[in-house]
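Everything on this sheet refers to the single structure shown next.
The values are calculated or read from the model by the stated rules, or taken from the named source; none is laboratory data. None of these values were measured; they are calculated from a predicted model. Reconstructed Cβ throughout: ideal geometry from the backbone, glycine too, with neighbour counts over all protein chains shown.
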Amino acid sequence: MTKEKSLSIKNSGGFHVDEKGYYGEFGGAFIPEMLYPNLEELRQKYLEIMYEESFQKEFHQLLRDYVGRPSPLYFAKRLSEKHGTKIYLKREDLNHTGAHKVNNTIGQILMAKRLGKTRIIAETGAGQHGVATATVCALMGIQCVVYMGEIDIARQAPNVARMKMLGAEVIPATSGSKTLKDATNEAIRDWINNPVDTHYIIGSAIGPHPYPDMVTRFQSVISEEIKWQLKEKEGRENPDYVVACIGGGSNAAGTYYHFLDEPKVGIIAVEAAGKGIDSGESAATSALGKIGIIHGCKTMLMQTPDGQITEPYSISAGLDYPGVGPMHSHLYKSGRAEFYSATDDEAMTAGLELSQLEGIIPAIESGHAFAIFQHKKFNPDDVLVISLSGRGDKDLQTYIDYFKLA
Ligand SMILES: *Cc1c(COP(=O)(O)O)cnc(C)c1O
């Protein structure tokens with residue numbers, strides 16, 4: 001990526017954010033007035049800081065030596081034979097902490113340091129983003145406070161223990177449904193009260209501008225690597241399709257980023273249909289959502305007729321989010337991306353298949369991306385790259401219960 005290209009915000013009907021923070025009709029910054037100074041400081045400085053030579057150097061050095069990048073692009077031979085097409089896996093599961101989330105938290109902790117911040121706050125649902133944040137705070141010796149719904153704290157005890165082990169303070173959100181959106185509200189309240197010393201690390205390609213763009217750019221290392229890795233393996237930089245699961249949409253945004261303006265590259269998103277799109281227990285935002293405001297941005301979200309946010313459901317905690325990031329709403333609405341949704345059963349079956357054909361146990365979130373083969377047929381000479389966003393260790397108990405393995 002050249003410096004000029006990265007620094008310019010396109011003011012077009014394209015798929016990148018515009019100067020006002022919009023992707024088409026989605027995005028923006030819908031925030032309480034008291035947050036304005038914090039966000040404005042970030043908006044004015046993020047691109048300049050991010051593309052400073054010293055920042056890029058430190059970021060890439062940590063990605064290499066601490067995270068273990070580049071993550072391999074692996075040709076999945078047996079899976080390819082099974083589905084009659086050429087399948088490559090982008091191995092984000094091999095990153096330190098076991099998923100793609102650390103690409104973003106490394107970037108944001110460096111941003112926080114450049115902004116002179118001495119305290120980090122984050123929200124977490126299942127605890128994966130909380131762990132990735134606590135990890136980089138330990139790495140940098142910076143105070144870390146993670147807000148987590150009281151119900152999630154009870155459901156996700158191992159991740160709570162990890163965060164504490166890493167030195168973070170975990171504060172329960174006890175209001176509302178005591179889950180992710182309540183934790184988010186608490187984090188925003190904290191940020192309003194601590195505008196000078198605190199940086200808020202948001203965990204997906206969501207939130208008020210400039211967060212979706214900032215998170216996407218940090219995660220875009222995924223597609224940057226895919227391009228040169230595929231060139232080495234296939235003699236061309238562009239696959240026919242890139243496939244990713246979508247919660248808020250950060251692994252997907254990073255996987256798509258350098259292909260957004262390549263119209264021949266098909267973009268495929270897989271959401272969580274939970275127990276079925278029409279079951280009342282799902283997180284299939286594109287199928288069920290309507291435009292609304294969540295987490296400070298205008299995007300597609302699941303809501304009741306009078307605009308209350310619906311509690312989402314998925315067997316995978318990381319996809320259990322009632323909205324998608326604004327870039328994905330635009331990719332959906334414009335038709336640039338194809339959206340599918342996979343049920344719990346389809347994702348679990350796909351996770352088992354990947355385990356037994358390739359010796360790789362995926363996170364259940366990632367299992368949703370692999371469920372694409374239950375929905376779409378590909379040609380024998382198509383080249384697909386699937387984002388294997390995380391490893392399945394954290395999901396072992398769910399696999400055990402589902403497949404009666406013990
Ligand atoms: C958190 C998580 C996701 C979903 O988050 P996105 O921001 O949509 O990428 C997907 N996969 C794994 C392994 C996760 O931990």
Completion exercise
When every residue in the stretch 104-126 that is within 16 Å of the ligand (Cβ to nearest atom) and hydrophobic (A, V, I, L, M, F, W, C) is compared, the one farthest from Ala205 (Cα to Cα) is Ala126
Practice task
Look through Met140, Met165 and report the one residue that is touching a residue at least 24 places away in the same chain (Cβ under 8 Å) and more than 16 Å from the ligand (Cβ to nearest atom).
Solution key: Met140
Completion exercise
Result of the Cβ filter at 7 Å on the stretch 386-406, keeping first residues that are within 22 Å of Val270 (Cβ to Cβ) and partners that are modelled with pLDDT under 95 and within 14 Å of the ligand (Cβ to nearest atom), at least 6 apart or interchain, is Thr398/Ile315
Fill in the blank from the handout: Considering residues that are in contact with a strand residue (DSSP E or B) (Cβ under 6 Å, 6 or more places away or on another chain) and under 13 Å from Ile121 (Cβ atoms), the number found within the stretch 155-198 is 14
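Only helices (runs of 4 or more DSSP H) wholly contained in the stretch 213-319 count here; list those with 1 or more residues that are more than 15 Å from the ligand (Cβ to nearest atom) and over 19 Å from the mean Cα position of the chain (by Cα).
Details: elements: 221-234, 250-256, 285-288.
Where helices (runs of 4 or more DSSP H) fall fully within the stretch 213-319 and carry at least 1 residues being more than 15 Å from the ligand (Cβ to nearest atom) and over 19 Å from the mean Cα position of the chain (by Cα), they are 221-234, 285-288.
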Practice task
Give the number of residues within the stretch 258-299 that are surrounded by 24 or more Cβ atoms within 10 Å (Cβ to Cβ) and not aliphatic (A, V, I, L, M).
Solution key: 7
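For Ala342, are the conditions met, namely being within 22 Å of the chain's Cα centre (by Cα), within 14 Å of the ligand (Cβ to nearest atom) and not in a helix (DSSP H, G or I)?
Working: within 22 Å of the chain's Cα centre (by Cα): yes; within 14 Å of the ligand (Cβ to nearest atom): yes; not in a helix (DSSP H, G or I): yes.
The answer is yes for Ala342.
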Practice task
Could you tell me which numbered condition Ile400 fails, if it satisfies all but one of (1) closer than 24 Å to Gln156 by Cβ; (2) within 16 Å of the ligand (Cβ to nearest atom)?
Solution key: (2)
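Return the residue satisfying two criteria in turn: it lies in the stretch 245-272 and is aliphatic (A, V, I, L, M) and touching an Asp or Glu at 6+ places or on another chain (Cβ under 8 Å), and of such residues it is farthest from Phe373 (Cα to Cα). So that I can check it myself, show each step before the final result.
We begin by selecting, within the stretch 245-272, every residue aliphatic (A, V, I, L, M); these are 246, 252-253, 260, 265, 267-270, 272.
Filter once more, so that each one left must be touching an Asp or Glu at 6+ places or on another chain (Cβ under 8 Å): 246, 265, 267-269, 272.
On the way: Ile246: 16, Val265: 18, Ile267: 15, Ile268: 12, Ala269: 13, Ala272: 15 Å.
This residue is Val265.
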Exercise for the section: Quick one: which residue in His209, His199 is assigned to a strand (DSSP E or B) and touching a residue at least 24 places away in the same chain (Cβ under 8 Å)? Expected result: His199
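Going through the stretch 321-333 one residue at a time, which ones are in a loop (DSSP other than H, G, I, E, B) and either more than 9 Å from the ligand (Cβ to nearest atom) or touching an Asp or Glu at 6+ places or on another chain (Cβ under 9 Å) (or both)?
Quick first cut of the stretch 321-333, residues in a loop (DSSP other than H, G, I, E, B) only: 321-322, 324-325.
Result: Pro322, Val324.
For the stretch 360-385, what are the residues that are assigned to a loop (DSSP other than H, G, I, E, B), within 16 Å of the ligand (Cβ to nearest atom) and touching a residue at least 60 places away in the same chain (Cβ under 8 Å)?
Quick first cut of the stretch 360-385, residues assigned to a loop (DSSP other than H, G, I, E, B) only: 360-361, 363, 375-382.
So of that shortlist, the ones also within 16 Å of the ligand (Cβ to nearest atom) come out as 360-361, 363.
If the condition is that a residue be assigned to a loop (DSSP other than H, G, I, E, B), within 16 Å of the ligand (Cβ to nearest atom) and touching a residue at least 60 places away in the same chain (Cβ under 8 Å), then Ile360, Ala363 are the ones that fit.
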